[in-house]
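In what follows, a single structure is set out as structure tokens and then discussed.
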Amino acid sequence: MSAEPLVHRIAEIERKTLETQVRVKLDLDGVGRARFETGVPFLEHMLDQIARHGLIDLDVQAEGDLQIDAHHTVEDVGITLGQALAAALGDKAGIRRYGHAYVPLDEALSRVVVDLSGRPMLTYEVPYTRALIGGFDVDLLREFFQGLVNHAAMTLQIDNLRGINAHHQAETVFKAFGRALRMAVEPDPRMAGVMPSTKGSL
């Protein structure tokens with residue numbers, strides 16, 4: 001039997017710079033509902049994987065300098081999502097803290113491991129087989145995760161173990177991240193009210 005959520009864990013964060021305006025609203029105890037308006041369709045497809053497989057209700061609205069390229073928009077969505085995750089998690093007492101997932105898609109297979117450690121660290125080993133998916137630059141996916149990790153203060157290890165189709169590689173990464181995050185934020189019935197760290201804080 002699953003534990004009840006610790007609290008209604010929701011957050012809404014707005015980030016405004018000269019390059020972008022981003023608003024992220026999320027509910028960690030949702031059902032996977034998603035709504036996106038970013039101007040970057042492939043990013044929205046990937047965010048949908050996080051929502052659906054993480055059972056997170058996620059609303060992302062962004063306006064950025066897409067006349068230059070998608071870099072600032074993708075990175076700032078990652079930053080703002082990280083800030084929203086940190087706000088929704090609060091002090092992290094009673095959660096599992098760690099999560100992991102392997103996800104296949106046809107020939108591709110990715111592994112993602114999450115530690116809601118309070119320390120930002122990204123290991124990202126994804127040898128994409130091409131530089132563009134449609135018109136989307138795959139380098140931007142690392143920038144998304146770096147921004148997220150820095151502002152959620154999590155340790156995140158991402159490995160694409162195999163893959164030929166770059167779209168499949170990316171999709172397995174985001175699905176596995178959603179699954180791993182879902183496990184990490186889940187209330188642990190044996191840790192109710194307990195900080196999952198010998199330090200006493202995360």
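The values are calculated or read from the model by the stated rules, or taken from the named source; none is laboratory data. Note that the structure is a prediction, hence the values are computed from the model and not measured. With ideal geometry, Cβ positions are generated from the backbone for all residues, glycine too; neighbour counts draw on all protein chains shown.
Mind listing whichever residues of the range 18-34 are exposed (fewer than 14 other Cβ atoms within 10 Å of the Cβ) and either β-branched (V, I, T) or not in a loop (DSSP other than H, G, I, E, B) (or both)?
The one that is exposed (fewer than 14 other Cβ atoms within 10 Å of the Cβ) and either β-branched (V, I, T) or not in a loop (DSSP other than H, G, I, E, B) (or both): V31.
Under the condition of being under 16 Å from the mean Cα position of the chain (by Cα) and small (G, A, S), which residue from the range 16-50 is farthest from L140 (Cα to Cα)?
G30
So I79 fits all but one of (1) without any contact (Cβ under 8 Å) to a residue 60 or more places away in the chain; (2) of a type in the set (V, I, T); (3) not in a strand (DSSP E or B); what number is the exception?
(1)
Do we have L85 as modelled with pLDDT under 95, crowded, with 19+ Cβ neighbours inside 10 Å and not in a strand (DSSP E or B) here?
Judged against the criteria, L85 is not a match.
For the range 39-52, what are the residues that are closer than 18 Å to A88 by Cα and in contact with a helix residue (DSSP H, G or I) (Cβ under 6 Å, 6 or more places away or on another chain)?
Result: I50, single match.
Looking at the range 51-70, is at least one residue of a type in the set (G, A, S), within 21 Å of I10 (Cβ to Cβ), under 15 Å from the mean Cα position of the chain (by Cα) and surrounded by fewer than 21 Cβ atoms within 10 Å (Cβ to Cβ)?
The answer is no; no qualifying residue exists.
Could you pull out every one of the strands (runs of 3 or more DSSP E) wholly within the range 104-202 that has 1 or more residues that are over 12 Å from the mean Cα position of the chain (by Cα), on the phi < 0 side of the Ramachandran plot and surrounded by 17 or more Cβ atoms within 10 Å (Cβ to Cβ)?
Output list reads 108-115, 155-162.
What's the number of the only condition in (1) modelled with pLDDT of 95 or more; (2) over 30 Å from Q67 (Cβ atoms) that D188 fails to meet?
It is condition (1) that D188 fails.
Return the only residue of D115, D139 being farther than 26 Å from T38 by Cα, in contact with a Phe, Trp or Tyr (Cβ under 9 Å, 6 or more places away or on another chain) and not aliphatic (A, V, I, L, M).
D115
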